[in-house]
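Readers should treat all values here as calculations from the given coordinates under stated rules, not as data from a laboratory. Small disclaimer: the values here were computed from a predicted structure and weren't measured. Heads up, the Cβs are rebuilt from the backbone with ideal geometry, glycines too, and the neighbour counts pull from every protein chain shown.
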Amino acid sequence: MSVVDNRTVPVGRDLFGAQRQAAREVDLHHPSDRPQASTRHLTMHQDSSQLEDCLYPVRGIRDQQMRSGIKPVDFARQNRLALQKQSAENQQRRLSEGSAALSAQASRRSTPSISRRTSGTATPSLLLSHRSTMGTARSRSSSGGPSGPDAHGPKGDLAVYGPPKAAAKHSNYGQVPAYLRERQLEMAEDRARQQAEKEASLVPKGMRILPDAERAQIVEGLQASKRDVQQQIQELPLRVETLAQKRHQRSLEERMAELEEALALFSKPTVLVPCEPEEAPFS
């Protein structure tokens, strides 16, 4: 046994038990000396935040800010306020401009013009001068002097400002002259002759260019033959089994290929064919 802090403490293996008992007594008598509880890590099955994240996932940065206690910025509200402010400023500017225009118009109305000033009440001096002018005009008219428009000058000067005379029109007015039409025809013939000479220079010896009329006639005949062959092919049976049927089908297909090749050849703008041999004179 030993004495620790005025308390009897057993010696030996009960020493640690006595120390634990002393610590509990200190904790009871002095709560301020109580050690702070350390935060321990929770296991996965005890932490419900993972389950909450699965059930209620974070939807964007604004949701994350709201969960963190941060109030997101309302950009839509800021835009509305900015638009309202701009609209109010525009309305105020229009009102100020309208009031300025009204004040200017009112000032113009309040200021009398020169004609209004002169057309007021006639003064005695103005009446006297008017009477003297009228008397002079009457004396001139009675004496046979010039009056009215003749008094200001001759009428001959007004003829200069009359309507212009219409342009002289002949029988061929607005038409192309005959010599120009003849010249155009000559130029067209020259171009056609030069083109024919150029094409003739490219034609090999013993060949000739097939005329368009003859070529169109040949193409028309080939198209008719092609339609006939197509009709014969369509009339063949679905199952070609005999040798004669197979031979006939093969001949029709070869004929169709020849017609298509000939059509492609004669459909060109320039077709060269061998020259026909000249007939020998009769002996």
Difference of contour (0.36 nm per residue) and Cα-Cα distance, Lys205 to Val240: 7.7 nm
Where labels lie 7 Å past Cα in the beta-carbon direction, separation of Gln217 and Ile233 in nm: 2.9 nm
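Mind running the shape call on the range 206-273? Use the C-alpha gyration tensor, a ≥ b ≥ c as the square roots of the eigenvalues: rounded below 1.5 for a/c, prolate if a/b tops b/c, oblate otherwise. Intermediate results must be reported in sequence, preceding the final value.
Details: a/c = 4.47, a/b = 2.74, b/c = 1.63.
It is prolate, given that a/c is not under 1.5 and a/b is the larger ratio.
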Nitroxide proxy distance, nm - points 7 Å out along Cα→Cβ at Glu197 and Leu272: 2.1 nm
